[in-house]
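All of the numbers you see were taken from the coordinates with simple rules; none came from a lab. Small disclaimer: the values here were computed from a predicted structure and weren't measured. Cβ atoms come from the backbone with ideal geometry, glycine included; neighbour counts cover every protein chain shown.
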Amino acid sequence: MNIICLLIFVLAISTMAVNGQDSGFSLSNAVGVVRATIAPSLDGKKHAATMWAPSLFQNAQLTGKMAGKIAAVSSANITVANAAWSPNQLSGKYLYIKSGSLSGVLLRVVSNTATTLALDSQVLNLYGNRLARDDLFQIIKPYTILEILGAPADGVVGGSLQDFQNGRTDRVVIRDEVAGFLRTYYYDTTINHWRDSLSDANQDAVVIPPMSGSLYYRISQETYELSFTGNVPIHGGRFLIPEGVVSHSRFFPMSTTLDRLGLQLLPQWRKSKAASESLADRVMVLGVDGIFRSYWHNGKNWVTKGSTLNQNNTLIQEGASFFTIRSGKNPPAVFMMPQPY
């Protein structure tokens with residue numbers, strides 16, 4: 001069973017500046033730590049899967065303005081007055097939008113000058129490019145694979161390339177936001193760093209996208225405890241649900257259910273009263289029994305194949321991620337996950 005518990009150890013932090021700038025634009029009034037138990041293999045021969053995602057944000061502690069107002073917008077670029085950034089110091093970080101039409105959206109920073117950020121234009125265009133002058137923002141530092149997952153000394157099962165190919169190492173599947181597809185990583189003990197399955201290049205700094213879910217496949221029969229600290233987002237989380245199979249973070253470290261998640265309320269969400277799921281948009285959730293199940297909405301309740309029972313109360317655990325499956329040529333749905341506190 002995957003057990004993820006939240007410990008909020010600072011419940012009231014006064015609204016303050018980030019790095020002493022832009023008073024009033026702090027990320028959160030609650031700071032916490034999420035501890036996730038990675039499920040162990042039952043027999044040490046077959047991997048056990050755990051779906052997880054960072055549910056807290058990290059304030060970027062860098063030189064220059066880390067929060068404030070957008071002064072100007074042009075194409076996929078924004079300008080921030082007196083930002084004082086070093087060239088490209090924010091590449092790979094994320095812009096969290098805190099007001100306006102895109103409130104709750106996270107956008108990857110491609111590059112920067114002293115006062116200008118170039119954002120992921122493909123994602124921004126899918127949102128309709130609705131950033132505006134005076135929208136509030138904050139710079140978010142994403143977690144890396146080494147920061148959260150650690151190394152064999154912490155409990156990760158590593159090994160050689162041959163060990164990986166023979167299924168004797170832990171493996172992690174993370175979405176590559178630049179390439180747009182999933183990559184598999186493992187810790188190579190012959191070169192002492194994380195690598196992917198195709199190259200031995202050092203991947204310790206690989207970013208775990210804050211809006212996407214990840215999969216951990218555990219081969220050890222011992223559980224593995226993960227923990228990460230950060231701030232609770234206070235403006236909700238808004239993300240795209242395109243066609244295909246896509247993993248999503250929950251944004252908030254609290255449990256929810258399929259019904260409370262609210263995907264069925266989206267105008268673009270396809271429902272089906274048929275006994276087959278093929279005609280509907282679906283959600284895939286990893287159950288506490290370690291089995292992936294697909295759910296669709298019949299216009300009244302969430303249902304699943306092989307059961308006549310109402311599945312509205314199917315649990316999505318705190319810190320867990322989930323998949324959406326949308327076939328056909330449907331436009332991306334924009335889903336707003338409101339703050340549950």
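So for each of 242-254, 141-153 I average, over its residues, the number of other beta carbons within 10 Å; can you give me the resulting order with the highest mean first?
Packing proxy ranking, top to bottom: 242-254, 141-153.
Treating only the Cβ atoms of Lys and Arg (+1) and Asp and Glu (-1) as charged, compute the dipole magnitude of the chain about its Cα centre; round to the nearest 20 debye.
1040
At a Cα cut-off below 20 Å, give the aspartates and glutamates reachable from Lys93, other chains included and same-chain residues fewer than 8 away excluded.
Here the aspartates and glutamates satisfying the reach criterion relative to Lys93 are Asp22, Asp120, Asp135, Glu147, Asp176, Glu177, Asp204.
When N is the residue count of the chain, what does its C-alpha Rg come to as a fraction of 2.2 N^0.38 Å?
Computed over Cα atoms of the chain, the ratio equals 1.01.
Treating cross-link reach as a plain straight distance, find the aspartates and glutamates whose alpha-carbon is under 12 Å from the alpha-carbon of Lys45, omitting any fewer than eight places away in the same chain.
Partners within reach: Asp170.
In the neighborhood of Gln58, defined by Cβ-to-Cβ distances under 12 Å, what is the net charge if each Lys or Arg adds +1 and each Asp or Glu adds -1?
+1
If the reach is capped at under 25 angstrom between alpha carbons, list the lysines near Lys98, excluding any in the same chain fewer than eight residues apart.
Counting by Cα, and skipping residues close in sequence, Lys98 has these lysines nearby: Lys65, Lys69, Lys141.
Quick one: which of Lys305/Lys329; Lys300/Lys329; Lys271/Lys329 span more than 21 angstrom between C-alpha atoms? Please list the in-between numbers first.
On the way: Lys305/Lys329 24 Å; Lys300/Lys329 24 Å; Lys271/Lys329 15 Å.
Flagged as over cut-off: Lys305/Lys329; Lys300/Lys329.
Taking the Kirkwood radius as the inverse of the mean 1/r across Cα pairs, report the Rg/Rh of segment 30-161.
That ratio is 1.09, to two decimals.
Taking Cα centroids, how far is segment 283-319 from segment 52-107 in Å?
Cα centroid of segment 283-319 versus Cα centroid of segment 52-107: 36 Å apart.
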